[in-house]
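Presented below is the structure to which this report refers.
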Amino acid sequence: MRLTELKKNSNGKILALNTNNIFKERLLEVGFAKGTRIKFIFEFNSTFAYEIKNTIIALRKEDAQKILIEDDISCSNLK
């Protein structure tokens, strides 16, 4: 699922960054690595706020849609 599909106050795990290399490097620098836990905090207009590694990061909708995640429900089904 895409990061923008995560429900408010829900958690997920990053699976892939489907973006260009420059933006991918920026995301990796702030902690958006495969397997990292992420929480959706809120949306304002077309900006989404996420908590990742105890930091709040805001992303534009078009950028957040390029990040693939697995939500907590899917993660728990694997156990």
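The values are calculated or read from the model by the stated rules, or taken from the named source; none is laboratory data. This is a predicted model, so every value here is computed, not measured. Glycine also receives a Cβ, built like all others from the backbone with ideal geometry; neighbour counts cover every protein chain displayed.
Just checking, does the stretch 28-45 include any residue being touching a residue at least 40 places away in the same chain (Cβ under 8 Å) and of a type in the set (Lys, Arg)?
Restricting attention to the stretch 28-45, the residues satisfying the condition of being touching a residue at least 40 places away in the same chain (Cβ under 8 Å) are none.
No - not one qualifying residue is present in the stretch 28-45.
Given the criterion surrounded by 13 or more Cβ atoms within 10 Å (Cβ to Cβ) and modelled with pLDDT under 95, identify the matching residue among 10, 76.
Working: 76 fails: surrounded by 13 or more Cβ atoms within 10 Å (Cβ to Cβ).
Unique residue meeting the criteria: 10.
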